[in-house]
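Following: one structure in structure tokens, then a few remarks.
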Amino acid sequence: MISKLLSGPAAIAALPRDRLIAEFSSWSANLANFESDLRRIEPYVDLHHIDVADGHFAPSFLFFPDLVARIAKLTARPIHVHLMVDGAIVEEQTRQFIEAGADMISVHAENGESGLRAVRLARALGAEAGVVLRLETPVEAVTPFVSEVAFVTLLGTAIGVKGQGLSENACDRLGEARVILRNAGREAAVVLAADGGIRHETVPRLRAAGAETVVLGSLGFGDKDLAGRIGWLHDLKVAA
């Protein structure tokens, strides 16, 4: 078992803000040889991203608390769980995944008041919280969450489906979110994240638009020169 120096809010607060955060999505790992893939990315990953979907809020079935508990024993890096679940279960799922070892839980703004309660529960249980927005939802829907979260993640593709191209609206939506954070006095405190449609040609555009992390799927796990890929990622700059 690997011990973490930091966990929960302290681990999230310690993430770098002077370069893109390398956030790796376990959905793109080799699930038949999962432990080996985790060991391969460990020197390069800043944050593990684990999607959870209930087959209702999102059209997939992903992942479960036991998997998070196993990952937590194999890494010193913080774990970010993205709950793509119905509002009726989001609070209980928040509790289960924090008990399994998640350092941060992100819930969907579309969960409304249930999502806000889940954010507050996550923090009460000693974890950090974030909010995520579906592509079709107006960006201002994050506003009620901004004062209570450490991450705002915008999906750049339809929810829960792999392999899609980035929406032409994704970069503009990042700009809208940045304005909301700035107006709330939270720009320096909240990480702005992009998830979905992450490709070699789209990451520079997302970074220039203000993304502070992109959720790496095959772009991370599928690259044979991972050191080179992460070096490239770190060198990308926000547009002046």
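The values are calculated or read from the model by the stated rules, or taken from the named source; none is laboratory data. Small disclaimer: the values here were computed from a predicted structure and weren't measured. Positions of Cβ are generated from backbone atoms using ideal geometry, with glycine treated the same way; all protein chains shown enter the neighbour counts.
What the table below lists for this structure:
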| item | result |
| --- | --- |
| Test: residue in region 54-73 that is of a type outside the set (V, I, T), surrounded by 15 or more Cβ atoms within 10 Å (Cβ to Cβ) and touching a Pro at 6+ places or on another chain (Cβ under 8 Å) | no |
| Total residues in region 114-128, condition crowded, with 24+ Cβ neighbours inside 10 Å and either among the aliphatic types (A, V, I, L, M) or closer than 11 Å to R95 by Cβ (or both) | 4 |
| Residue that is touching a Phe, Trp or Tyr at 6+ places or on another chain (Cβ under 7 Å), under 19 Å from L192 (Cα atoms) and surrounded by 20 or more Cβ atoms within 10 Å (Cβ to Cβ), where the choices are H80, H48 | H48 |
| Condition check for R182: surrounded by fewer than 18 Cβ atoms within 10 Å (Cβ to Cβ), closer than 16 Å to S28 by Cα, of a type outside the set (S, T, Y) and at pLDDT 95 or above | no |
| Meets criteria (on the phi < 0 side of the Ramachandran plot and either of a type in the set (F, W, Y) or part of a loop (DSSP other than H, G, I, E, B) (or both)) for G87 | yes |
| Test for A189: is it free of Cβ contacts under 8 Å to residues at least 40 places away in the same chain, surrounded by fewer than 15 Cβ atoms within 10 Å (Cβ to Cβ) and over 25 Å from L219 (Cβ atoms) | yes |
| Residue in region 96-114 that is closer than 25 Å to A11 by Cβ, charged (D, E, K, R) and touching a Leu at 6+ places or on another chain (Cβ under 6 Å) present | no |
| Answer from L135, L154 - the residue that is under 16 Å from the mean Cα position of the chain (by Cα), within 21 Å of I180 (Cα to Cα), in a loop (DSSP other than H, G, I, E, B) and at pLDDT 95 or above | L135 |
| Whichever residue in region 207-233 is part of a helix (DSSP H, G or I) and in contact with a Leu (Cβ under 6 Å, 6 or more places away or on another chain) and, among such residues, is surrounded by the most Cβ atoms within 10 Å (Cβ to Cβ) | R207 |
| Per-region count, region 1-14, residues surrounded by fewer than 20 Cβ atoms within 10 Å (Cβ to Cβ) and within 15 Å of the chain's Cα centre (by Cα) | 3 |
